[in-house]
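The values are calculated or read from the model by the stated rules, or taken from the named source; none is laboratory data. It should be emphasised that the depicted structure is a prediction, and the values quoted were computed from it without experimental measurement. Note that we place each Cβ from the backbone using ideal geometry, even for glycine, and neighbour counts take in every protein chain shown. These accessible areas exclude ligands, DNA and RNA; they are computed on the full protein's heavy atoms, side chains included. Shrake-Rupley method; radii C 1.70, N 1.55, O 1.52, S 1.80 Å.
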Amino acid sequence: MAIAPVEFVAEPSLTLQLLAWIGAGAALGCCSGLVPGLHANNFALLLAGFAPSVPGPPLFVGCAMLAAGVVHTFLNVVPAMALGVPDAEMAVTALPGHRMVLEGRGYEAIRLSALGSILAVIAAVPLAVPITWGVTAAYPTIRDHLALLLAMVVVGLIASEHTWRARVGGLLSFALAAGLGLLTLDLSTDAPLEAGGMLAPLFAGLFGAPVLIDAIRGSGIPPQRADTITMSGPLVTLTALAGALAGAIVGYIPGISAAIAAVAVLAFVPGHSGDRGYIVATSGVDTANTIFALFALVAIGQPRTGVMVAFESLNAPLEVPILLAGVVLAGVLGFVLVIVVGDAYLEIVGRMEYWKISVAVLGLLLALSYLFTGGTGIVVFVVAAGVGMVPVRLRARRVHLMGVLIGPLLYSFS
C-alpha cells in the first residue's frame, strides 16, 4: 500500500485547520452517539448525503467523518446503558450494562467501555497493517467457506447457552429473526431520508424496543456509587486487545456483530469478569472495526462499514498517516467525552420519570424508522419488536437475533 508524505501538515495554518475539522467531526459523533436508535451505519450514510457539498479540502472533510465515526463508537454506549433499564426483578434478562447500572455501578461501566475503546485504538494502529495483510490473504478462503463458518457461529452461540430453555430460546430467536430478515431486507421503501434501508427499523425493533418496553415497568436508574474499576488492569488490557483483534474479523465477515465477536472473545479470555469483560470486549470490537475498515479500504478497495462508504463518496485522498493521526486524536477526545458526558447523562436521566423517557424513546425509534424507511418501516419495527421479546422471555442472549443478517446470508448460499 502506498503511503503519501505528510510534511505539509507541519504548516501551522494547515495543522490548525485539520485539528478544527477533527474537533468538528468529534462533536458531531458525540451528538449522534447520544441519539438512541441511531445506528452508526445510518449516521454514516446520512453524512454521505451531504458531506460532498461541505466546503473544505476533501482530506480534511474525510478526517472529520472518520473522527465522527470513531467518537460515535465511544458515545453510543451511554444511551445504551442509561435508557431501557428494567426493573430489578428483570435483572437476569437485562443487558450487561443495565445490570451494572442496577447494581449502582454505572459510572464504572462507562469507564470500562471507555477503556475498552481507547485501548483498542492504541492496539489497532500498530496491528492494522499486519492483520489487514493476513486477513486479506485469507479472505478468498473465508469467502469460499463463508456458509460453513456462519453455520458454525450459529451452532456455537446456541450451544454456549447455559440451560436447555435458553438454547431452545436461542434457536427460536435465530429462526424468527432469520425469517424476518429474509422477508424484509430487500423491501423497497419510499422514505423521507435514504440512509441504510431496512436495517434501521429491524435493529431498533429487535434490540431497542424490547428493553424499552420492559423499562416502562421499571423504577428507573438507582443512585450510582463510586466509579472505581474493580476489574484488574491486566485483564482489562487483555480483553480490550482481544476485542481489537476481533474487530478486524468483524469487518471482513458479514453478519458478525460486535456482540457475537465479544462472546467469542470472552471464551478465550481466562477470568474475564462476566459483565465487565463483555462491556470491555464489545467496546473494543466496535471501535477497532472503524480503524481496520480504513485499512481494508486501502488494501482491497472495499468499504466495509457505513463510515467508509461515506468516506469513499468524498473521493478523498488516502493519506494514511494523516487519517490515522485523526483517528487517534478522535479516540482521545472520545475517551474524555464518554466519561464526562456519560456521568452527566446518567445523573440527568436518573432524576426524570423513567416511564416517560422509555415511551419518548420508543416514539423516537418509530420516527427514525419512518424517516429511513417510510410507512413500511413502521410495520417492520413493530414486528421486529415482537420477535425481539422472544429471547428476553426465554432468558436467552439477544445476540441470537443477529439471525436477521446471518439467515439471509446462509439462504443466499443454498
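The convex hull drawn around the Cα atoms of the chain, when projected onto a plane and averaged over every direction, covers 19.2 nm². Test of understanding: what is the full-extension gain from S232 to L19, defined as 0.36 nm times their sequence separation minus their Cα-Cα distance? Extending this stretch completely gives an extra 73.2 nm.
Ranked by accessible surface with a 1.4 Å probe, highest first, in what order do S313, S412, S173 come?
I get S412, S313, S173, largest accessible area first.
For the range 346-411, the share of accessible area belonging to carbon and sulfur comes to 71 percent (1.4 Å probe, ligands and nucleic acids excluded). Here the simple spin-label model places points 7 Å from the Cα toward Cβ, and for V155 and A175 these points are separated by 1.8 nm. Using a probe of 1.4 angstrom and keeping all protein chains present, the accessible surface of the chain works out to 41 square angstrom per residue.
For the chain, the longest principal axis of the alpha carbon atoms and the long axis of helix 106-144 meet at an angle near 70°.
When you restrict to C-alpha pairs under 8 Å that are six or more residues apart and normalise by the size of the chain, the relative contact order lands at 34 percent. Which of the listed residues, G342, G197, A259, is farthest toward the dipole's positive end in the chain, when Lys, Arg count +1 and Asp, Glu count -1 at the beta-carbon? In the chain, that residue is A259.
Among G62, G106, G375, the largest mean-square fluctuation in a Gaussian network model of the chain (Cα springs under 10 Å) belongs to G375. Computed on protein heavy atoms with a 1.4 Å probe, the accessible areas place W133, W355 in the order W133, W355, largest first.
All other residues whose Cβ lies under 13 angstrom from that of S160 are scored, Lys and Arg at +1 and Asp and Glu at -1, for a net of +1. With respect to the chain, whose longest principal axis is taken over its alpha-carbon atoms, helix 233-252 is tilted by about 80°.
When the chain is treated as a Gaussian network with alpha carbon springs shorter than 10 Å, the biggest mean-square fluctuation among P201, P210, P130 belongs to P130. Simple point charges give the picture: +1 on the Cβ of Lys and Arg, -1 on the Cβ of Asp and Glu, and for the chain a dipole about the Cα centre of about 900 debye.
Just to confirm the number: angle between the C-alpha axis of helix 275-300 and the first principal axis of the chain, 0 to 90 degrees, nearest 10? Approximately 40 degrees, to the nearest 10. Taking the accessible area of the range 214-339, probe 1.4 Å, and keeping the other protein chains in place, the carbon and sulfur fraction comes to 66%. Here the simple spin-label model places points 7 Å from the Cα toward Cβ, and for F268 and V359 these points are separated by 4.8 nm. Packing, as the average of other Cβ atoms within 10 Å across residues, places the peptides 67-80, 14-27 in the order 67-80, 14-27, highest first.
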